[in-house]
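I have placed the structure first, in the form of structure tokens, so that the comments after it can refer back to it.
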Amino acid sequence: MTLLATPKPANRLTAADWVEAALQALKSGGIEAVQITTLAKALGVTRGSFYWHFESREALTEALLAEWRARNTGVMVEAIRDVATLDDGILALFSVWVDHTRFDPALDQAIRDWARRDTTLNNTVRAEDDARIASIARFFERQGYTQPEAFIRARVIYLTQLSYYALKVDEHESLSERKTYLDAYFKCFTGRDINPATGAAFLAMIEKDAP
């Protein structure tokens, strides 16, 4: 009897359950923590449950990378894809970065820590960073900025945000304090002043959505 013909447990986990467990393990303990036996124990199942969905640990790590791209690159690109104005686009990026249910900075940092010891993954991470910056640069071009200014502004806004996460600035800077910097950040990143009404609406929105 083949594996495909074997009856499946009615209450078995899904592949998404395994990926989510692996993501949490990666964020809390690094790639070394992403082990089939460890994950199975945490999920309360046997190793056999894993092999319903993945051929190997390598297949699971590929799924982790796909999830990272979807969560962190995909959401960023989508946020600025169809916006009409400079204000709306920059604030859409800010919204993604403030909302950790959309952009997951802990996952981004965990992937980067992993990449420091894996040359192939390091190249992948660099390609993702380039794709994110290119997406922001295209947005600036649509707003009338020429090259190389569009690229440099995209690089500045993106690398500033990465540094914010890497240095854990949010651990000693409250949301209330950060909100007071909105106008200055906008002027620094764009060279233009934000529309006051648009800025006020954005601040009210993030205040409402704050935990």
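The values are calculated or read from the model by the stated rules, or taken from the named source; none is laboratory data. Since the structure is predicted, the reported quantities are computational estimates derived from the model, not experimental observations. Backbone-built Cβ (ideal geometry, glycine too); neighbour counts: all protein chains shown. For the accessible areas, the whole protein counts, side chains as well, though only heavy atoms, and no ligand, DNA or RNA atoms are used. Shrake-Rupley method; radii C 1.70, N 1.55, O 1.52, S 1.80 Å.
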* For region 95-103, does any single residue satisfy the condition of being of a type in the set (Val, Ile, Thr), open to solvent by less than 50 Å² (accessible area, probe 1.4 Å) and more than 25 Å from residue 170 (Cα to Cα)? -> no
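Taking residue 161, is it in contact (Cβ under 8 Å) with a residue 24 or more places away in the chain and either farther than 18 Å from residue 94 by Cα or open to solvent by less than 40 Å² (accessible area, probe 1.4 Å) (or both)?
On the way: in contact (Cβ under 8 Å) with a residue 24 or more places away in the chain: yes; either farther than 18 Å from residue 94 by Cα or open to solvent by less than 40 Å² (accessible area, probe 1.4 Å) (or both): yes.
Here the answer is yes, as residue 161 does meet what is asked.
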* Cross-chain or 6+ apart pairs with Cβ under 8 Å, region 31-42 first and in contact (Cβ under 8 Å) with a residue 40 or more places away in the chain, then open to solvent by 80 Å² or more (accessible area, probe 1.4 Å) and assigned to a helix (DSSP H, G or I) -> none
* Restricting attention to helices (runs of 4 or more DSSP H) lying wholly within region 105-194, give those where 2 or more residues are closer than 25 Å to residue 62 by Cβ and out of contact with any Phe, Trp or Tyr (no Cβ under 8 Å at 6 or more places or on another chain). => 105-115, 119-142, 149-166
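Limited to region 170-189, what total is found for residues that are surrounded by 12 or more Cβ atoms within 10 Å (Cβ to Cβ) and more than 17 Å from residue 96 (Cβ to Cβ)?
Pass one, region 170-189, residues surrounded by 12 or more Cβ atoms within 10 Å (Cβ to Cβ): 170, 173, 175, 178-179, 182-183, 185-189.
Those left that are additionally more than 17 Å from residue 96 (Cβ to Cβ): 173, 183, 187-188.
Qualifying residue count for the region: 4.
Test residue 206 against the criterion of being under 20 Å from the mean Cα position of the chain (by Cα), within 20 Å of residue 99 (Cα to Cα), surrounded by 12 or more Cβ atoms within 10 Å (Cβ to Cβ) and modelled with pLDDT of 95 or more, and give yes or no. Steps first, please.
Numbers: under 20 Å from the mean Cα position of the chain (by Cα): yes; within 20 Å of residue 99 (Cα to Cα): yes; surrounded by 12 or more Cβ atoms within 10 Å (Cβ to Cβ): yes; modelled with pLDDT of 95 or more: no.
No: the conditions fail for residue 206.
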